[in-house]
Amino acid sequence: LHYTLKEKIVATIDTSYVTEQGVEEAVDKSEDILRRIRYVEEKRIMQKFLREIGQDTGLATYGENEVRGHLKAGIVNTLLLSEDIDLVRVTVKCSSCDYIKHETMKMHQVTEFEQNISSNACPKCSVPTLAVTEVKELIDELAELAEETGTNVEILSGETEEGQMLKKSFGGIAALLRYKVTN
């Protein structure tokens, strides 16, 4: 093999077959190896994020509102999301005027929220015509926003220490920025 390819080999797996069964056997045997590689990658990403936060370089941020604002501005280089985020983004619209409101909440709160909002009057036109028009997983919504701005998205497993730290300490949403933002 060419020396540049040799550097990319992470493991060698022996199989009993050479046909399609051999490929299936190789995939089955490589599951643990691939999981370790992803774990190392998650660890590297979180260490970089923690270094930026710890040294207060201004190149990292966390929290839904902060990250969303930076995503919309196009300055997020890498979006870090915990796969354990159980939040949804709800869009409320008034059918009488052009009023639109977005709320973030846990999935189990949506039904009660819908019932409450339908009896409220629109803050803009005072007509009781508010309705929930869209409910979207927060992870999906942020990932789509990231895609629009050319941002890398990393979803960290809830099973790793790094993924749990992202969820518990930073709310499951963080970002590494392209450049420092001056206020």
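The values are calculated or read from the model by the stated rules, or taken from the named source; none is laboratory data. If you're wondering where the values come from, they're calculated on a predicted model, not measured in any experiment. Here the Cβ is made from the backbone with ideal geometry for all residues, glycine too, and neighbour counts use every protein chain on show. When the accessible area is computed, the model is the full protein with side chains, heavy atoms only, and any ligands, DNA or RNA have been set aside. Shrake-Rupley method; radii C 1.70, N 1.55, O 1.52, S 1.80 Å.
Structure notes:
- All conditions in (1) more than 23 Å from L138 (Cα to Cα); (2) in contact (Cβ under 8 Å) with a residue 12 or more places away in the chain hold for D56, with the sole exception of (2).
- Residue in region 11-34 that is in contact (Cβ under 8 Å) with a residue 40 or more places away in the chain and out of contact with any helix residue (DSSP H, G or I) (no Cβ under 6 Å at 6 or more places or on another chain) present: no
- Qualifying position, being basic (K, R), modelled with pLDDT under 90 and out of contact with any His (no Cβ under 6 Å at 6 or more places or on another chain), among K72, K29: K29
- Taken as a whole, the condition of being assigned to a loop (DSSP other than H, G, I, E, B) and either surrounded by 12 or more Cβ atoms within 10 Å (Cβ to Cβ) or of a type in the set (A, V, I, L, M, F, W, C) (or both) applies to T15.
- Looking only at region 130-148, residues that are open to solvent by 40 Å² or more (accessible area, probe 1.4 Å) and either outside any helix (DSSP H, G or I) or at pLDDT below 90 (or both) come to 6 in all.
- Which numbered condition Q164 misses (of (1) open to solvent by less than 40 Å² (accessible area, probe 1.4 Å); (2) outside any loop (DSSP other than H, G, I, E, B)): (1)
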